[in-house]
Ligand code: HEM
Ligand SMILES: *[C@@H]1O[C@H](CO)[C@@H](O)[C@H](O)[C@H]1NC(C)=O
Ligand SMILES: *[C@@H]1O[C@H](CO)[C@@H](O)[C@H](O)[C@H]1NC(C)=O
Ligand SMILES: *[C@@H]1O[C@H](CO)[C@@H](O)[C@H](O)[C@H]1NC(C)=O
Ligand SMILES: *[C@@H]1O[C@H](CO)[C@@H](O)[C@H](O)[C@H]1NC(C)=O
């Protein structure tokens with residue numbers, strides 16, 4: 001889950017530095033954006049912000065327009081709500097708007113990981129090499145075999161019985177995608193240590209299942225952990241969970257595994273080379289697990305749910321998937337081989353691509369934050385200029401500024417699977433606001449230096465999961481009238497949103 005998303009976490013726990021107390025006396029100076037300190041000294045608007053970030057920002061925008069500064073837990077944050085001016089934020093030099101230093105503090109607080117000098121460039125390099133382009137070929141193969149191992153192991157592929165299996169869609173999707181992603185990135189049990197392939201697979205299933213349940217506990221504590229408001233009992237639990245993750249994901253354990261991804265391996269090697277202590281490397285492993293597995297599962301839930309709720313979308317995507325399978329010369333038969341879903345096949349699915357982009361538009365809501373390192377002037381697209389103070393923060397919340405702007409995306413609350421398709425079936429990239437083309441028309445991955453380095457792999461994971469679900473199973477909501485659950489609004493800003501409750505569905509083999 002966007003490791004670095006929760007800007008506020010640093011704030012609250014940072015303690016009330018004497019200087020910030022001076023914030024009480026802060027006044028808006030000429031040339032600065034509107035300032036809204038809220039009524040509570042120091043805390044400012046943090047309680048309302050935390051309760052429902054989206055609602056709060058909408059209220060502020062109504063009151064102040066598309067740029068304003070608010071006080072949150074001793075910090076002054078300028079929110080920019082004009083998508084046409086996003087480029088100026090994203091491309092501003094590091095000497096003015098900095099991501100790294102501030103992110104490293106955060107990671108140290110939440111994950112106890114102390115970053116090294118070139119941490120971020122190592123991550124960028126390894127991700128460019130192994131999570132996109134040709135590197136993705138290897139990852140696609142690994143993910144495919146792990147997904148099928150998990151999706152099909154309980155199902156008898158040879159008998160006549162095609163009975164329905166019932167489950168909660170959120171837990172089902174998150175579970176499978178988390179475990180398959182984890183095994184593909186962090187490696188699987190070596191056949192040599194347990195005797196046979198079958199035993200290795202079984203051990204992988206059991207261990208990844210246990211890890212998933214621990215992960216979910218941490219996941220549920222996370223928003224309050226990030227805001228620094230856990231109860232003592234919860235804080236103890238979080239502490240215990242962290243220790244167990246460091247143990248489970250430890251470098252020494254990893255080295256006994258097979259098929260560790262190059263993505264993880266290279267980053268681990270780079271740290272070993274500079275002599276990082278093993279205990280510190282183990283902490284980094286959990287950071288990687290958190291960043292890589294917290295978002296894709298929830299997103300895959302929303303994708304399947306939207307397809308089930310929208311008949312025409314389901315039909316279009318299913319037809320596309322069946323066509324791609326057929327054109328690859330494969331056909332599913334009882335007792336026959338499993339699907340060999342290649343990267344090439346996954347590049348021929350424009351309708352599925354659009355459905356995924358639409359899913360992320362509606363359910364991915366990161367908060368992008370930068371520290372203001374020196375006094376600066378921020379220039380908006382319409383020419384207005386604002387003075388921004390050193391020591392403040394600047395932030396974007398694209399969900400409210402872009403994703404649900406009715407001018408950019410008409411009927412923004414509706415799921416339209418073909419919203420990102422041109423009439424000729426190609427990918428649509430032209431979106432407008434007030435007659436101007438909007439470059440950042442969705443931002444599920446963030447942008448600029450902090451943009452998600454796993455986005456190509458993540459999209460691929462979503463496509464693979466949906467593709468395999470569609471070719472192997474028919475699936476439907478247990479209650480066809482089921483309403484789409486509300487988003488859990490305590491998680492705004494934390495990446496992929498989660499629903500307030502699960503939804504029951506059923507599935508059975510299709511062939
Ligand atoms: C639907 C799935 C995903 C979504 C919506 C998502 C979104 C994001 C966002 C918004 C950020 C930026 C956070 C910020 O600006 O502070 C981020 C960071 C990150 N993501 Fe993802 N992500 C997803 C899946 C993945 C996957 C599968 C991986 C790895 C295999 C991954 C690895 C990372 C890492 C390592 C970072 C930290 C980047 C840094 O320090 O600059 N993500 N992600
Ligand atoms: C381990 O993962 C690789 C892909 O990374 C896969 O080819 C292999 O079959 C898996 N082994 C077992 C025993 O599941
Ligand atoms: C997984 O690791 C085993 C043992 O090192 C190796 O024989 C096999 O080729 C690997 N599989 C893949 C898909 O890389
Ligand atoms: C799947 O197809 C690819 C490309 O055609 C091939 O290289 C690979 O060996 C196949 N894998 C399996 C498991 O059949
Ligand atoms: C930055 O601006 C503030 C407020 O205008 C001013 O008090 C301060 O001296 C400036 N700092 C620098 C380094 O220019």
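Values quoted throughout were computed directly from the atomic coordinates according to the rules given, and no laboratory measurement underlies them. Because the structure is predicted, anything quoted here is derived from the model rather than measured. Every residue, glycine among them, receives a Cβ derived from its backbone with ideal geometry; neighbour counts consider all protein chains shown.
Quick look at the numbers
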quantity	calculated
Segment 292-414: C-alpha gyration tensor shape, a/c 1.5 cut-off, then a/b vs b/c	prolate
Mean Cβ neighbour count within 10 Å, used as a protection proxy, ranking 364-376, 229-241 highest first	364-376, 229-241
For segment 95-168: rounded, prolate or oblate by the Cα gyration tensor [a/c cutoff 1.5]	prolate
Estimated D of segment 150-232 in µm² per second, where Rh is the Kirkwood radius over Cα pairs and Stokes-Einstein applies at 37 °C, 0.692 mPa s	215 µm²/s
Convex hull volume per residue in cubic angstrom - Cα atoms of the chain	155 Å³
Volume of the Cα convex hull of segment 75-222, divided per residue and given in Å³	229 Å³
Three-way shape label, segment 410-468, alpha-carbon gyration tensor, a/c 1.5	oblate
Distance histogram in 5 Å bins (all Cα pairs of segment 221-275, percent per bin)	4, 15, 18, 17, 12, 14, 14, 6
Helix axis angle, 53-64 relative to the chain longest principal axis, alpha carbon, degrees	40 degrees
Estimated D of segment 245-344 in µm² per second, where Rh is the Kirkwood radius over Cα pairs and Stokes-Einstein applies at 4 °C, 1.567 mPa s	74 µm²/s
Cα-based equivalent ellipsoid, segment 179-281: semi-axes from gyration tensor eigenvalues, Å	27, 19, 11
For segment 252-300, the fraction of alpha-carbon pairs in successive 10 Å shells from zero, as %	22, 53, 21, 5
C-alpha long axis of helix 311-327 to longest principal axis of the chain, angle in °	50 degrees
For segment 132-181, alpha-carbon Rg relative to the globular expectation (2.2 N^0.38 Å, N residues)	1.42
Two-site label geometry, residue 426 and residue 260: point separation in nm, points 7 Å out along Cα→Cβ	4.4 nm
Kirkwood Rh, angstrom, segment 352-504 [1 / mean 1/r, Cα pairs]	18.0 Å
Crossing angle, helix 119-130 versus the chain [Cα axis fit, 0-90 degrees, rounded to tens]	30 degrees
Mean ellipticity per residue at 222 nm, deg cm²/dmol - from DSSP H runs of n ≥ 4 across the chain, formula -39500 (n - 2.57)	-15000 deg cm²/dmol
Average projection area in nm² (convex hull over Cα atoms of segment 374-440, one quarter of hull surface)	6.1 nm²
Computed log₁₀ I(q)/I(0) - Debye formula, equal Cα scatterers, no solvent, segment 464-511, q 0.13, 0.14, 0.20, 0.21 Å⁻¹	-0.45, -0.51, -0.83, -0.86
